[in-house]
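Some notes on the structure that comes next.
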Amino acid sequence: MYALVDANSFYASCEVVFRPEWRNRPVVVLSNNDGCVVALNRAAKAAGIEKFKPFFEVRQACERADAVVCSSNYELYGDLSAKMMDVISRYAPEQYIYSIDEIFLSLKNIYPAVNDLENHARKIRRAVWKECRLPVCVGIAPTLTLAKIANHAAKKFKGYQGVCVLDCASERNAVLAKLDVEDIWGVGKRISAKLRLMNVKTALDLANMAPKHARKQFSVEMERTILDLNGIAAKQWDEARADKKQIYSTRSMGERITDLESLQQALSKHASIAAQKARAQGSVCKTLICFAGSSPFEVQPYYRKSLHRFPVATADSTILSQTVTGLANEIFRSGVRFYKVGVGLIELHDNRHSQEDLFSPDPSKHQLMETLDVVNHRYGADTLFVAAQGISPQWGMKRGMLSPQYTTRWQDVPRVKC
């Protein structure tokens, strides 16, 4: 048996953890640069505010509903996610974190020792609420796909109250009959459109399709999905994820960049982010690409990229920062209002098997980078950073309605007066 624990409207729920007076109000969370709506709580949805709409289109609806509107507070969301996952992981020996707000649990080593799975799921919900003040739903089933569907039922269908256990065929078929085929994990709109032409409209219809026929018509993944829907475990989570072969860090600017120094700072910032990601997976970079461009809606759009190959592969932030600072001179053009910039590490190698050069010693400062990562992990991102990023850049991401970073910034730690 597997369980899927999923937080409800995670970003919006995080915003009200330290603001209980917001819990009964509509809460809206915006994307980077406060562009569009990316998260809504139940009250905001009931007020008619639509997800993924540009904020300027729903601003009046937010004002009419007296909604709380917040910029994306990634520092808060990441920290609360880690705390939530830590609590949930106590309830099963094997876990797989699927996303920032979802985690699979394998119950094979505790079931049937824990014979009341519904009660076990309710304990998870209570523990997460008590210790993190985050609402979650729990779906339990014999396969990963059915666990996803059970979680969907726990969240959307009446009567389940946040917990759904699909441990018998009759209950499973009843839920599958209510679920649109498009809502099945891994199906999506394009495949569901083809399925509808084959008169497959619900999850139960798909479960009744012959697996071998589905493999011929679609793919082996569709065959595995059908087996999963019938309670035969065909999908498994990866015990070890493969390292990324490319790492990018890109961002649209809150304020347009019009001078060379700001462009150098922005590229240096993204080089440091990409370098940290490479070090985290134990990789070094042989080839770097950086790029910048104006908005495609400008009268004369501008885009330029530049590439650099290192004699010795590296993930040293100071070296990558120095490199992109030089490349910025090739990219910059006076009069251009740069809107989007980015850095990519496009040729990565495992640092344990990196080929060294007799005549080009490794210039990387490994101990310095290790110290940098340890300090930033403990005290928060950019506690230490390369000076080339700038001390107080004006080009940073626009977050005009940012809530306090209650758990990761000393100045924002809540104060209790007794």
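Overview of values
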{"item": "Accessible surface, per residue, of the chain when the full set of protein chains is kept, probe 1.4 Å, Å²", "result": "54 Å²"}
{"item": "Whether the stretch 363-418 is rounded, prolate or oblate, judged on the alpha carbon gyration tensor where a/c under 1.5 counts as rounded", "result": "oblate"}
{"item": "Between helix 366-379 and the chain: long-axis angle, C-alpha atoms, 0 to 90°, nearest 10", "result": "50 degrees"}
{"item": "Angle in degrees between helix 55-64 and the longest Cα principal axis of the chain, rounded to the nearest 10", "result": "60 degrees"}
{"item": "Virtual spin-label span in nm between A381 and T258, 7 Å along Cα→Cβ", "result": "2.8 nm"}
{"item": "Gaussian network model of the chain, Cα within-10 Å springs - most flexible of S31, S13, S306", "result": "S306"}
{"item": "Estimated FRET transfer efficiency when R0 is 22 angstrom, pair D116-K156 (beta carbons, to 0.05)", "result": "0.40"}
{"item": "Relative contact order for the chain, counting Cα pairs under 8 Å that sit 6 or more residues apart, in percent", "result": "16 percent"}
{"item": "Folded to 0 to 90 degrees: helix 169-178 orientation relative to the chain principal axis, Cα", "result": "60 degrees"}
{"item": "Exposure of C62 as accessible area (Å², to 10), given a probe of 1.4 Å and all protein chains", "result": "10 Å²"}
{"item": "Under Karplus coefficients 6.51, -1.76 and 1.60, residue-wise ³J(HN,Hα) of the stretch 122-128 in Hz, glycine/proline x", "result": "5, 5, 4, 4, 5, 5, 5"}
{"item": "Extension reserve of the W410-C168 stretch, reckoned as 0.36 nm per residue once the Cα distance is removed", "result": "82.1 nm"}
{"item": "Highest-fluctuation residue, G188, G342, G231 considered, GNM on the chain with Cα pairs under 10 Å", "result": "G188"}
{"item": "Cα gyration tensor category, rounded, prolate or oblate, for the stretch 1-84 with a/c compared to 1.5", "result": "prolate"}
{"item": "Estimated translational D of the stretch 290-418 in µm²/s (Stokes, Kirkwood radius over Cα pairs; 37 °C; 0.692 mPa s)", "result": "180 µm²/s"}
{"item": "Y2 long-range amide H proximity, modeled H, under 5 Å", "result": "L107, A141, T143"}
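The values are calculated or read from the model by the stated rules, or taken from the named source; none is laboratory data. Here the structure is a predicted model, which means the values were calculated and not measured. All Cβ positions, glycine included, derive from the backbone under ideal geometry; neighbour counts span all protein chains shown. Surface areas here come from the heavy atoms of the whole protein model, side chains and all, with no ligands, DNA or RNA. Shrake-Rupley method; radii C 1.70, N 1.55, O 1.52, S 1.80 Å.
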